[in-house]
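Structure first, then comments.
The values are calculated or read from the model by the stated rules, or taken from the named source; none is laboratory data. What you see is a predicted model; the values in this text were computed from it and never measured. Methodologically, a virtual Cβ is constructed for each residue, glycine included, from the backbone with ideal geometry; neighbour enumeration extends over all protein chains shown.
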Amino acid sequence: MREWFDERAREIEEATPKERDRYADFLRLAAICVVVVGHWLAPHISMGPVSVRVRLVFGMVEPLQWLTWLFQVMPVFFFVGGMINALSWERASADKSYTYVDWLRRRARRLLWPLVPLLVAWIFAALVLESMGMRTTYVSRASHAVLYPIWFLAAYLCVVAVAPLAHWMHRRLGWIALAAMVAAAGVVDALVWAGWNEAAWLNFLFVWGAIHQAGFFWYERGLSKRVMVGVSVAATALVGLWLLVRLSPYSATMVAAGFERRPNDLPPSIALLGLATAQFGLLVALRRPVERWLQRAGVWAVVSLGGQRIMTIYLWHMTAMIVVALALIPTEIWPMPTEPDTTWWLLRIPWVLLLSCVLALLVVVFGRFEQPETADPASRSGVLETSRAVVSVGLVSFGIARLMLDGLYAGGGISGLSWTALAVLGLGLVGLGVFRRD
């Protein structure tokens, strides 16, 4: 096994272009892994005779709210995404026969194709589990929980769709474009505090868009390697964020727990921008030693192979948790204290290890959908094709939002599926060419 891995590591090392930014690949994989572990550690699950109760541990133990500052690392993914999308768009723009629609469809297919087997599997699982006698409440909550993380796909797809425009603004306005998006996010938050709660959804574009916009500076100027610069930025941002949550109505938790007046992540707030700034500083401070570490062939092989299955890991990690929970908790084999006591915390280690094993099996089975085989697309241009692509992005985002909020299955057989959301999502996927090979 060791010899096989060493040989594979040498092959990956030799095949890696010298100009590849290994740090970016590492950050994408590390961010997703931290999110996965955070999702596994946060829920306190208990099952009664007729219902399932899920509470978040940082909502039960107030001091743990500050730990969400460590586990809310989605800004890192959007920041790296800005750098990668800038690179991808500039390369596409250099080919005059390659249009915006071509670029968007290719990016969307890579992002959304892994979602298809997840939906198909859980539609089948929901119908089968209820027909086998499992309580509808259990089936409904389980199918709802596995789709909760897909909000990321909708948010990231919207950011990708406007990335060429955002990049154009960056090239002409630089810091002014970024400042404008931050200001817009602040205006939205002000409207929310004034009672216009629906306005909060605009910050999916402004907050995540601003973080993505910051990634353009990485691509254009390179990410600094000066440790003290990074430490200074991180420290200043953390102090500012601490003052913000202490002196304003913003909650300390960076992950929605249900008790906040205004969640900081769903939809995102300017408090999340403060956390993102602190994370940017830490990325600068850590860059030099991590890049040296990534020069090791074995380390880089793990990062490279993991990066090839990053969306599969993210989309299926909640399924792994549901599978283990449904298998162990109802049988009382797995102790489930009513509160997060010492026993509960000690069980977190075997819990994460067990879920990791199940997720590894799921990745082996469904990882093949991570990189769809496509030929070079036939060029698509014109107002009609562009409008179709933009409308399709809206349909996909709406369908995902409805599935995330309402769930996939309400019980009662096939009629209990969320057909409207699935139909809207399906139309969007068709419009973006996700189901076809160009």
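Here are the numbers:
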item: The range 234-277, subset in a loop (DSSP other than H, G, I, E, B) and in contact with a Leu (Cβ under 7 Å, 6 or more places away or on another chain), residue surrounded by the most Cβ atoms within 10 Å (Cβ to Cβ); result: Met254
item: Residues (small (Gly, Ala, Ser) and under 17 Å from Tyr23 (Cβ atoms)) located in the range 209-234; result: Ala214, Gly215, Gly222, Ser224, Gly230, Ala234
item: Criterion: under 20 Å from Gly174 (Cβ atoms), surrounded by fewer than 23 Cβ atoms within 10 Å (Cβ to Cβ), of a type outside the set (D, E, K, R) and modelled with pLDDT under 90 - qualifying residue of Gly222, Gly195; result: Gly222
item: Hits in the range 95-113 - residues which are out of contact with any Lys or Arg (no Cβ under 7 Å at 6 or more places or on another chain) and either in a helix (DSSP H, G or I) or surrounded by 21 or more Cβ atoms within 10 Å (Cβ to Cβ) (or both); result: Tyr100, Trp103, Leu104, Arg105, Arg106, Arg107, Ala108, Arg109, Arg110, Leu111, Leu112
item: Top-ranked residue in the range 244-290 [being under 17 Å from Ala42 (Cα atoms) and touching a strand residue (DSSP E or B) at 6+ places or on another chain (Cβ under 9 Å); ranked as modelled with the lowest pLDDT]; result: Gly258
item: Residues (closer than 15 Å to Gly407 by Cα and touching a residue at least 60 places away in the same chain (Cβ under 8 Å)) located in the range 122-143; result: Trp122, Ile123, Ala126, Leu127, Thr136, Thr137, Tyr138, Val139, Ser140, Arg141, Ala142, Ser143
item: Positions within the range 118-151 being polar (S, T, N, Q) and surrounded by fewer than 19 Cβ atoms within 10 Å (Cβ to Cβ), in sequence order; result: Ser131, Thr136, Thr137
item: Residue within the range 398-410 that is closer than 26 Å to Leu153 by Cβ, hydroxyl-bearing (Ser, Thr, Tyr), modelled with pLDDT of 85 or more and in a helix (DSSP H, G or I) present; result: no
item: Of residues in the range 1-49 being of a type outside the set (D, E, K, R), exposed (fewer than 12 other Cβ atoms within 10 Å of the Cβ) and in a helix (DSSP H, G or I), the one modelled with the lowest pLDDT; result: Trp4
item: Number of positions in the range 299-342 that are touching a Cys at 6+ places or on another chain (Cβ under 8 Å) and not in a helix (DSSP H, G or I); result: 0
item: Ala86 vs. criteria modelled with pLDDT of 90 or more, small (Gly, Ala, Ser) and crowded, with 21+ Cβ neighbours inside 10 Å; result: yes
item: Some residue of the range 100-120 being out of contact with any Leu (no Cβ under 7 Å at 6 or more places or on another chain), closer than 27 Å to Gly412 by Cβ, hydrophobic (A, V, I, L, M, F, W, C) and without any contact (Cβ under 8 Å) to a residue 12 or more places away in the chain; result: yes
item: Residue list for the range 170-192, restricted to those being buried (at least 18 other Cβ atoms within 10 Å of the Cβ) and aliphatic (A, V, I, L, M); result: Ala177, Leu178, Met181, Val182, Ala185, Val188, Val192
